[in-house]
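Structure first, then comments.
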Amino acid sequence: MSLIFLENVSFYYLKNTPLERMALEEINLSINEGERIGIIGETGSGKSTLIQLFNGLLQPTKGKVYLKDKDIKEWSIKEICKTIGLVFQYPEHQFFGETVFEEVAFGPRNLGFKEEEMEKIVKRALDTVGLKYEEIKERTPFSLSGGEKRRLAIASILAMDPEVLVLDEPTANLDPRGKRELMEYLNKWGRGNKTLIIVSHDLDEIIPLIRRVIILHKGRIIFDDSIDFLFREKQKLIEFGLELPQILQIVKVLVEKGYPIEGYMTLNEIAEVVLAYKGYLASWKH
Amino acid sequence: MIEVKKVTFIYKEENKKEKVAIKNLNLNIPSPSFWAIVGANGSGKSTLARLMNGLLIPTYGDVIVDGINTKEEERIWEIRQKVGLVFQNPENQIIGMTVEEDVAFGCENLGLSPKEIEERINFALSSVGMDEYRNYPPHLLSGGQKQRVAIAGVLAMLPKYIILDEPTTMLDLRGRKEILNIVRELYEKEKISIILITHNMEEAVLAERVIILDNGEIKFIGTPREVFNLESEIFKWGLDLPLVTKLSKILQERGFDIYYPILTIEELRKCL
């Protein structure tokens, strides 16, 4: 059973008007439980549209979207919210709770979680993103720093304990420290059974968290495979006129220099290859 | 030259705690030059940028742009013309119905002849590679293109300095590259001084000098190589290293003969 399944999905904004615009075309996609996926692509490639199809916020113009083998149209909103948690870009712009506690408790309350468990639920959600319950529960969300606000917004979705967490550009506008911290918490979240989907225009940032990459280009999927395979097939990005992320630029240089790098490697692993082969390559050239 | 002399800036709002954003800061930025300012959120980068073109006036101390103190109210427009400011979000900076109108807006207020305005628009649009889009409605442009139009609007004022406050944060890799190429050309060809505020360490590498701000104070000024040669301090100040620099440090630690931190992909290519 696929968790999320898209069958021949197309999406047009303002269909049948002079302003009609294709956002997605013939998308076929199957996402399984427990996957860690990055969706990358340039601005306007259809990334944000795609994830809003996952939870029924947008309905496809053509084709079908299934959640756990059931047509998304047959799901109630509450059921969807329990299954898929979607964190929009700049989620902190949507804060309305007077306190951090209220902000986080809002979602679970709406889904009918028991009030006597609320403290536990809120505490657990804040813990997951590294915020200290006792220190901040009574504070107004607006008094937090930029990085804390972002993490709070994510906690308010995690509090509903979704099976799938979908984040749209979660690190936008954070400074390097804020990015690092957020990525560490997300990396730990739900390892094993939960599904993580991160939308980003910067592969370098999300690469340690994901195993599978989906690349959108002008509304179509041009790559859907493992990170491992992307390291071998980086040429494909260049063919489509896309800029290579830093890590792939490094790999490209090393491969051109004759270093045997095949498939995904961390910086440490890349360094090991360089150290092991440097002398060998130099003597071969002479 | 932009001179920042013993400047302190305090945000004061009713019913709120005072916040000291800049603390007794001294800085001289010569012209022409290409400097980058880096620092964590809340380190005072944007405040410093706004102090340098008179959008904010120091609580204590002085900011002097080519001999004009930003406190001289009657000359504030001279300063704003000299020091252009480009913000992070291009959406918030576009006002015209067409690209041309948008670029013309600033210099139309300078009382120039139509011919002069025309020449400036031509110069500004060609400098950012947007000539073809002259009559285009700006809202149909990509993020990178909008940001180029915003830069053109500043260029039409013929500034001597351009401060860009995280101009690529909202852009994808392609948009980012476009903007950085333009910025570099403006510096190299037009001799316009560039002050680039950024969170992106790869961008800071492009500058001649990098200023590290932390908590309203300058912690370090140096060439990119000096800055990224710092060890744990970089992380303490909430920053990071470019990815290639990280790789070169790992190699260095493990006995590979690299004597300085590698900053760009091209350098990496040469030393392997």
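The values are calculated or read from the model by the stated rules, or taken from the named source; none is laboratory data. Everything numeric here is computed off the predicted structure, so don't read it as measured data. Ideal geometry is used to build each Cβ from the backbone, glycine not excepted, and the neighbour counts take in all protein chains shown. Remember, those area values only see protein heavy atoms, side chains included, never the ligands or the DNA or RNA. Shrake-Rupley method; radii C 1.70, N 1.55, O 1.52, S 1.80 Å.
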**Report entry** GNM result for chain A, Cα springs below 10 Å: residue of A:G107, A:G263, A:G41 fluctuating most strongly
**Finding:** A:G263
Requested in this report: Provide the per residue accessible area, probe 1.4 Å, for chain A, rounded to a whole number of square angstrom.
Outcome: 46
Query raised in the report: Nearest 10 degrees, 0 to 90: what angle lies between the long axis of helix A:146-158 and the longest principal axis of chain A (Cα atoms)?
Result: 70
Requested in this report: Please tell me the relative contact order of chain A in percent, rounded to the nearest whole number, where contacts are Cα pairs under 8 Å and at least six residues apart.
Outcome: 22
Requested in this report: Using the heavy atoms of the protein chains and a 1.4 angstrom probe, tell me the accessible area per residue for chain B in square angstrom.
Outcome: 45
Report task. Considering Cα pairs under 8 angstrom that are at least six residues apart, work out the relative contact order of chain B and quote it in whole percent. Result -> 23
Requested in this report: For A:L58, list long-range residues whose amide hydrogen, built 1.01 Å from N in the peptide plane, is under 5 Å from its own amide hydrogen.
Outcome: A:L53
Report task. Just check the protein assembly as shown against the gyration tensor rule for me: Cα atoms, a ≥ b ≥ c as the square roots of the eigenvalues, rounded for a/c under 1.5, and otherwise prolate or oblate depending on whether a/b exceeds b/c. Result -> rounded
Report summary line: Helix A:176-188: inclination vs chain A longest Cα principal axis, degrees, rounded to 10, gives 80
Report summary line: Residues other than B:T8 with Cβ under 13 Å of its Cβ, Lys/Arg counted +1 and Asp/Glu -1, net out at +2
Query - Accessible surface buried once A binds B (1.4 Å probe; total of both sides; Å²) - result: 3200
Query - Separation of the A:E184 and A:E119 label points, Cα + 7 Å toward Cβ, nm - result: 2.9
Query raised in the report: What are the trypsin sites (Lys or Arg not before Pro) within the stretch B:15-75 that DSSP puts in a loop, where the Cβ has at most 10 other Cβ atoms within 10 Å?
Result: B:K16, B:K17
**Report entry** Overall form of chain B per C-alpha gyration tensor (a/c, 1.5; a/b vs b/c)
**Finding:** oblate
Query raised in the report: Pick from A:V199, A:V65, A:V251: which is most flexible by mean-square fluctuation in a GNM of chain A where alpha carbon atoms under 10 Å apart are linked?
Result: A:V251
Query raised in the report: When all protein chains stay in place, what accessible area (Å², nearest 10, 1.4 Å probe) is found for B:I192?
Result: 10
Query raised in the report: Which residue, chosen from B:S46, A:M265, B:I182, occupies the Cα position most advanced towards the positive end of the dipole of the protein assembly as shown, where the dipole is computed from +1 (Lys, Arg) and -1 (Asp, Glu) charges on Cβ about the Cα centre?
Result: A:M265
Requested in this report: Show which aspartates and glutamates lie in cross-link reach of A:K137 when reach means a straight Cα distance below 13 angstrom and same-chain residues fewer than eight apart are skipped.
Outcome: A:E98, A:E102, A:E103, A:E119, A:D127, A:E148
Query raised in the report: Under the Kirkwood approximation for Rh and a Cα-based Rg, what ratio Rg/Rh is obtained for the stretch A:150-240?
Result: 0.98
Report summary line: Residues meeting the amide H criterion for B:L206 (H placed from the backbone, H to H distance under 5 Å, 5 or more places apart or on another chain) are none
Query raised in the report: Label A:S76 and A:Q89 with points 7 Å out from Cα along Cα→Cβ: what is the distance between them in nm?
Result: 3.4
**Report entry** Bridge type composition, the protein assembly as shown - antiparallel percent by DSSP, nearest 5
**Finding:** 50
Query raised in the report: GNM, chain B, Cα, under 10 Å: largest mean-square fluctuation among B:D102, B:D62, B:D257?
Result: B:D257
Query raised in the report: Where does helix B:99-108 land angle-wise versus the long Cα axis of chain B, in degrees 0 to 90, nearest 10?
Result: 80
Report task. Using R₀ = 56 Å, calculate the FRET efficiency as 1/(1 + (r/R₀)^6) where r is the Cβ-Cβ separation of B:E116 and A:E135; round to 0.05. Result -> 0.40
**Report entry** Nearest-10 value in Å² for the accessible area of A:S76, using the 1.4 Å probe
**Finding:** 50
Query raised in the report: How would B:S31, B:S248 rank on accessible area, largest to smallest, probe 1.4 Å?
Result: B:S31, B:S248
Query raised in the report: Could you name the aspartates and glutamates in cross-link range of B:K191, using Cα to Cα under 17 Å and dropping any fewer than eight places away on the same chain?
Result: B:D66, B:E208
Query raised in the report: So what is the calculated 222 nm ellipticity per residue for chain B, using -39500 (n - 2.57) for each DSSP H run with n of 4 or more, over all residues, to the nearest 500 deg cm²/dmol?
Result: -10500 deg cm²/dmol
Query raised in the report: Can you pull the accessible area of A:F88 for me, 1.4 Å probe, Å² to the nearest 10?
Result: 80
Query raised in the report: Rg and Dmax of the stretch A:1-142 over Cα atoms: what are they, in angstrom?
Result: 18.1, 54
Query raised in the report: Whole-Hz Karplus ³J(HN,Hα) for the stretch A:240-247, in order, using 6.51 cos²θ - 1.76 cosθ + 1.60 and θ = phi - 60°, x for Gly and Pro?
Result: 8, x, 8, 6, 7, x, 3, 4
Query raised in the report: How many percent of the accessible area of chain A is carbon or sulfur, using a 1.4 Å probe?
Result: 49
Requested in this report: Can you check what the net charge comes to around B:G238, using other residues whose Cβ is under 14 Å from the Cβ of B:G238 (Lys, Arg +1; Asp, Glu -1)?
Outcome: -1
Report task. Tell me which residues come under 5 Å, amide H to amide H, from A:L24 once H is placed; ignore anything under 5 positions away on its chain. Result -> A:F11
Query raised in the report: Averaged over peptide A:171-180, how many Cβ atoms belonging to another chain are found within 10 Å of each residue's Cβ?
Result: 6
Query raised in the report: If you plug each phi of the stretch B:54-63 into the Karplus form 6.51 cos²θ - 1.76 cosθ + 1.60 with θ = phi - 60°, what whole-Hz ³J(HN,Hα) values come out, in order, with x for Gly and Pro?
Result: x, 5, 10, 10, x, 5, 10, x, 9, 10
Query raised in the report: For chain B, which longest stretch is free of loop sites, where a loop site is one of the GluC sites (Glu not before Pro) that DSSP puts outside H, G, I, E and B and that has at most 16 other Cβ atoms within 10 Å?
Result: B:73-207
Query raised in the report: All other residues with a Cβ under 13 Å from the Cβ of A:Y90 taken together, and with Lys, Arg as +1 and Asp, Glu as -1, what is their net charge?
Result: -2
Query raised in the report: To the nearest Å, what is the center-to-center distance of the stretch A:193-258 and the stretch B:159-185, using C-alpha atoms only?
Result: 24
Requested in this report: Please list the radius of gyration and Dmax for chain A, considering alpha-carbon atoms only, with Å as the unit.
Outcome: 21.0, 75
Query raised in the report: How high is the relative contact order of the stretch A:164-284, given as a whole-number percent (alpha carbon pairs under 8 Å, six or more residues apart)?
Result: 18
Report task. For the stretch B:142-149, just list the computed ³J(HN,Hα) in residue order, Karplus coefficients 6.51, -1.76 and 1.60, θ = phi - 60°, integers in Hz, with x standing in for Gly and Pro. Result -> 6, x, x, 5, 4, 5, 5, 5
Report summary line: Restricted to chain A, the DSSP antiparallel beta bridge percent, nearest 5, is 55
**Report entry** Rounded to 5, the percent of DSSP beta bridges in chain B classed as antiparallel
**Finding:** 50
Report summary line: Everything considered on the Cα gyration tensor (a ≥ b ≥ c; rounded for a/c under 1.5, else prolate if a/b is larger than b/c, else oblate), the stretch B:13-97 must be described as rounded
